[in-house]
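Student: Quick one: this structure, given as structure tokens, is what I'll be asking you about.
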Amino acid sequence: MTGAVSVPEAIGTLPGPWQQRRLAEVNDAVVRLAQLHGEFPWHYHDEDELFLCWDGTFRLELEGREPVVMTPGSIFVVPRGLRHRPVADEPAHVLMVEKPETKQYGN
């Protein structure tokens, strides 16, 4: 990366819901941007996954736990191995911090 990344400009380049864009790499992690709209499939990862709500509102449904409602500026870490899925009734944007090899649909 040679310059600053504009998140609002990057949002404008997303082709649609659930399509991710890699914004930056830091240490052993990658920062990804995605638009959420609708229900994503249940899945889990072998590593923790950080969600930062950029705009809109969505919820993280967690297996065996109460859903976490995400609003702009809120951060939540889904622990490794926990089945989860993001659900957005209206379009929302999220920044995710995870390992570069993390698969979108889980393990």
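The values are calculated or read from the model by the stated rules, or taken from the named source; none is laboratory data. Just so we're clear, the structure is a prediction, and the values are computed from it rather than from any experiment. Cβ placement follows ideal geometry from the backbone for every residue including glycine, while neighbour counts extend to all protein chains displayed. Surface areas here come from the heavy atoms of the whole protein model, side chains and all, with no ligands, DNA or RNA. Shrake-Rupley method; radii C 1.70, N 1.55, O 1.52, S 1.80 Å.
Student: Over every pair of different alpha-carbon atoms in the chain, take the mean of 1/r and invert it; report that Kirkwood radius in Å.
Tutor: Every distinct Cα pair counted, the radius reaches 13.9 Å.
Student: Rounded to the nearest percent, how much of the accessible area of the chain (1.4 Å probe, protein heavy atoms only) is carbon and sulfur?
Tutor: Values: 3070 of 6060 Å².
Carbon and sulfur atoms account for 51 percent of the accessible area of the chain.
Student: Excluding F51 itself, what net charge comes from residues whose Cβ is under 11 Å from its Cβ, given Lys and Arg +1 and Asp and Glu -1?
Tutor: That sum, taken over residues with Cβ under 11 Å, equals -1.
Student: For the range 4-107, what does the accessible surface come to per residue with a 1.4 Å probe? Please give it in Å². Spell out each step's value before the answer.
Tutor: Numbers: 5700 Å² over 104 residues.
I get 55 Å² per residue for this part.
Student: Do any trypsin sites (Lys or Arg not before Pro) in the range 23-107 lie in a loop, going by DSSP, with at most 16 other beta-carbon atoms within 10 Å of their beta carbon, and if so which? Kindly include the intermediate steps, with their values, before the conclusion.
Tutor: Values: sites: R32, R59, R65, R80, R83, K103; in loops: R65, R80, R83, K103.
Answer by residue number: R65, R80, R83, K103.
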